[in-house]
Ligand code: URA
């Protein structure tokens, strides 16, 4: 069976670029920035899902390249995971103005693209970064009954059945939340150790 993942992922990229009905499209054009679709291995075992691009990400079209990205890189390195071996994306593909939280209508507009990215890449593990992606992914896999606050869920493993097999969802704190919080950073580093067995 042919397993071309590049072409369907490219199609998603083309569709997001052309997504004029998106609530954030006008901002993208006004600021002359890019949508951030995702990057990494199309055969990744681990998929990281953040919230939405920040300033540096929108300027480059790449996920997690700013301060939060540096932290993510540090965490990956600490557990010996090579960034190009994983896939990194966000729920919302365009930058919300002033880095505000994504609005429900923005999550609704971009969520279906994330669902398709998951179906194409078929990761064994989805590590969510922050509460928005934890909430979205748990609901997407029918695990809404197990949703609690991120302080109760971080670092734990939740399993769900998918069309392609079992997926393990591991909620993690958002790296940006740990920039000025040493103890949260230590917690994030500890939680990353759970990913070791999946690399
Ligand atoms: N924060 C996110 O959630 N995603 C990025 O790509 C960068 C910062």
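The values are calculated or read from the model by the stated rules, or taken from the named source; none is laboratory data. Keep in mind that this is a model prediction, so the values were computed, not measured. Quick reminder, even Gly has a Cβ in these numbers, built from the backbone with ideal geometry, and neighbours come from all protein chains shown.
Quick look at the numbers
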| quantity | calculated |
| --- | --- |
| Filter result for the condition that a residue is in a strand (DSSP E or B), closer than 24 Å to residue 180 by Cβ, within 13 Å of the ligand (Cβ to nearest atom) and in contact with a strand residue (DSSP E or B) (Cβ under 8 Å, 6 or more places away or on another chain), over 127, 52, 68 | 127 |
| Among the residues listed as 145, 135, 186, the single one being surrounded by fewer than 20 Cβ atoms within 10 Å (Cβ to Cβ), within 15 Å of the chain's Cα centre (by Cα) and outside any strand (DSSP E or B) | 135 |
| Long-range neighbours under 6 Å by Cβ, at least six apart or interchain, first residue free of Cβ contacts under 8 Å to residues at least 60 places away in the same chain and over 13 Å from residue 90 (Cα atoms) within the range 50-74, second more than 7 Å from the ligand (Cβ to nearest atom) and part of a helix (DSSP H, G or I) | 66/56 |
| Residue 188 within 16 Å of the ligand (Cβ to nearest atom), over 15 Å from residue 123 (Cβ atoms) and modelled with pLDDT of 95 or more | yes |
| Positions within the range 148-183 being touching a strand residue (DSSP E or B) at 6+ places or on another chain (Cβ under 7 Å) and part of a helix (DSSP H, G or I), in sequence order | 150, 153, 175 |
| Conditions (1) within 13 Å of residue 40 (Cβ to Cβ); (2) over 14 Å from the mean Cα position of the chain (by Cα); (3) within 10 Å of the ligand (Cβ to nearest atom); number of the one not met by residue 76 | (3) |
| Scan of the range 148-180 for residues that are surrounded by fewer than 17 Cβ atoms within 10 Å (Cβ to Cβ), within 20 Å of residue 67 (Cβ to Cβ) and in contact with a helix residue (DSSP H, G or I) (Cβ under 9 Å, 6 or more places away or on another chain), ordered by number | 179 |
| Selected residue [within 16 Å of the chain's Cα centre (by Cα), at pLDDT 95 or above, crowded, with 20+ Cβ neighbours inside 10 Å and away from the ligand (no atom under 14 Å from the Cβ)] from 46, 37 | 46 |
| Among the candidates 72, 76, residue that is in contact with a helix residue (DSSP H, G or I) (Cβ under 6 Å, 6 or more places away or on another chain), closer than 23 Å to residue 194 by Cα and surrounded by fewer than 23 Cβ atoms within 10 Å (Cβ to Cβ) | 76 |
